[in-house]
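First up is the structure itself, then whatever we jot down about it.
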Amino acid sequence: MQKINHIAKFLPALFVCGMVCSPAASAQTTRTWVSGSGDDSNDCSRATPCLTFAGAIAKTDAGGEIDCLDPAGYGAVTITKSIALICDNIHQAGVLVSGSDAIVINVSAGTYVTLSGLYIDGLGSTGSPGTNGVKVLQGGNITLRNMTISGFRNGFGVNFVNQQTGKLIMDNVSIIESGISSNLLTGGVQVKPGAGIVANVTITNSRMLNNENVGLRLDTVGTVGSVINATVNGSTLAGNTNGVLIKSPPSTGTVKLIVDHAVVTNNSNTGLFTNGAGSTMRVGNSLVTNNLIGVQAIQNAVLSSYGNNLIDGNVTDGTFTTTAIPTK
């Protein structure tokens, strides 16, 4: 009896420890892994990886990292916290979708999301292509690097429709064969922040190729007080309908874009196009050739040259509205 009473004294403590001391199935870690042979019931460690990004993100701490172990399609995912999805040096690891968005980012201000090394395929040649490759509904600091996004015919390769002030950085990103001619609001990359929202965009060493309607669209139509500050450097816009389009009518928002060391070629309509009094594009050290129209500004838009561009070989070269004088 004395022994039984002694054991009984420890039963409450054993019960509590059983609830909180044993590892929980949903425990999160700062680094997790995915594999084409994984299982989302696993703990997402390197030894026992998960199968999908959605499965791994639930087991990864905010601010953590999900790494790809091998080439595979890891499924569509909605990101709601700081996270990095890293598939560098893994050929064709990423997301393949039909008829939907591939990656949706919906995070709070100040949050950091990095996507690196992914191949995101919208199956553009099928009867049910994807909508958007990466769609940012709300994002603080978004970095896309070393990526290919292809075949999103029903939307954009990257659609930055941010509803809070944020940053988008694209480095070494290819946006290919997105958009559809029957819908003018589709194409390669769109930046269209909400009313009163500031979007700061930097695109470097990237390519927007063979997209319908537009390679890069910066748009404030219908959004009062929106601001887009953008830079495109060392990038190629080729084979699109329009290379770059700024559309910023009066009483909406403003767009300021600098294009530097760009190649804008073989676009079936206009290479660099500004439309609306809120639009300002400054261009330097760039080649614009073999387009239907090289450069064009309408509706009191500003299209300014630093005087060191090569605009030649277009059906109509077009003219800049002013010459910018760089401050030395």
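The values are calculated or read from the model by the stated rules, or taken from the named source; none is laboratory data. Here the structure is a predicted model, which means the values were calculated and not measured. Every residue, glycine among them, receives a Cβ derived from its backbone with ideal geometry; neighbour counts consider all protein chains shown. Each accessible area value is taken on the protein alone, full model and side chains, heavy atoms only, with ligands, DNA and RNA left out. Shrake-Rupley method; radii C 1.70, N 1.55, O 1.52, S 1.80 Å.
For the chain, carbon and sulfur atoms together expose 55% of the accessible surface, with a 1.4 angstrom probe and every protein chain in place.
Note that region 237-328 presents 44 Å² accessible area per residue, ligands and nucleic acids not counted, probe 1.4 Å.
For the pair ASN300/LYS81, report the inter-label distance in nm, with labels modelled 7 Å from Cα in the Cβ direction. Label-label distance for ASN300 and LYS81, simple model: 4.9 nm.
Per residue, the average separation of C-alpha pairs within less than 8 Å and at least 6 apart gives region 243-295 a relative contact order of 44 percent. For the chain, the relative contact order comes to 8 percent (Cα pairs under 8 Å, sequence separation of at least 6).
Length gained on full extension, LEU184 to ASN89, computed as 0.36 nm times the residue gap minus the Cα-Cα distance: 30.7 nm.
Placing +1 on each Lys and Arg Cβ and -1 on each Asp and Glu Cβ, with no other charges, gives region 178-328 a dipole about its Cα centre of roughly 280 debye. Region 112-167 and region 219-242 have Cα centres separated by 15 Å. The label point for SER268 and the one for SER41, both projected 7 Å from the Cα toward the Cβ, are 5.1 nm apart. What region 38-78 shows is 41 Å² of accessible area per residue, with the surface traced by a 1.4 Å probe over protein heavy atoms. Rounded to the nearest 10 degrees, the inclination of helix 11-20 to the longest alpha-carbon principal axis of the chain is 20 degrees.
Stokes-Einstein diffusion for region 140-224, with the hydrodynamic radius set to the Kirkwood value over Cα pairs and evaluated at 25 °C in a medium of 0.890 mPa s, equals 191 µm²/s. Dipole check for the chain: with +1 at the C-beta of Lys and Arg, -1 at the C-beta of Asp and Glu, and the Cα centre as origin, the magnitude is about 760 Debye.
A straight chain from ALA58 to LEU310 at 0.36 nm per residue would run longer than the Cα-Cα distance by 85.6 nm.
Using a cutoff of 8 angstrom between alpha carbon atoms and counting only pairs six or more residues apart, the relative contact order for region 47-144 works out to 25 percent.
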